[in-house]
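Enquirer: Right, I'll just put the structure down here and ask away after.
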Amino acid sequence: SLRVHGDAMFTPAGHGVSIPEGSIVIVDPDVDAISGRIVVARLNASNEATVKKLVIDGPNTYLMPLNPAYKPIPFDGNGEIIGVCVRIEINLL
């Protein structure tokens, strides 16, 4: 599991899945990371993990934030997929 920091995965109301700051994502390293799934990845430039939507568009692969205020991150061998998010836990208080 991993606790989400920041608002890159927060989606405005009515725009699908949203993962607000402080949420805990449960990750399964054995699930196939296919386009459209929320993944945890580690980029070589950082020792931290990031939660993003995996988007494969032809030969290009991106880690896509759900928040439209953030730009996609090109993902071309510059890191590794740790696993696929299979559940989100959100504290309501």
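Enquirer: So which residues in segment 79-93 are modelled with pLDDT under 95 and open to solvent by less than 50 Å² (accessible area, probe 1.4 Å), if there are any at all?
Expert: Hit for segment 79-93 is Gly79, nothing else.
Enquirer: Kindly indicate the residue of segment 25-35 that is acidic (Asp, Glu) and open to solvent by 60 Å² or more (accessible area, probe 1.4 Å) and also farthest from the chain's Cα centre (by Cα) among those meeting that condition.
Expert: Asp30
Enquirer: Continuing with the same structure: Residues Val31, Val40, Val55: which one is closer than 20 Å to Glu89 by Cβ, part of a strand (DSSP E or B) and of a type outside the set (Phe, Trp, Tyr)?
Expert: Matching residue, one of Val31, Val40, Val55: Val40.
Enquirer: Sort out which residues of segment 36-60 are surrounded by 19 or more Cβ atoms within 10 Å (Cβ to Cβ) and over 18 Å from Glu21 (Cα atoms), and write them in order of number.
Expert: Leu54
Enquirer: Does Gly22 qualify as being touching a strand residue (DSSP E or B) at 6+ places or on another chain (Cβ under 8 Å), assigned to a loop (DSSP other than H, G, I, E, B), within 13 Å of Val86 (Cα to Cα) and open to solvent by less than 70 Å² (accessible area, probe 1.4 Å)?
Expert: No.
The values are calculated or read from the model by the stated rules, or taken from the named source; none is laboratory data. Predicted model, so just to flag it, every value in this text is computed and none were measured. With ideal geometry, Cβ positions are generated from the backbone for all residues, glycine too; neighbour counts draw on all protein chains shown. Quick note on the areas: whole protein, heavy atoms, side chains included, nothing else; ligands and nucleic acids left out. Shrake-Rupley method; radii C 1.70, N 1.55, O 1.52, S 1.80 Å.
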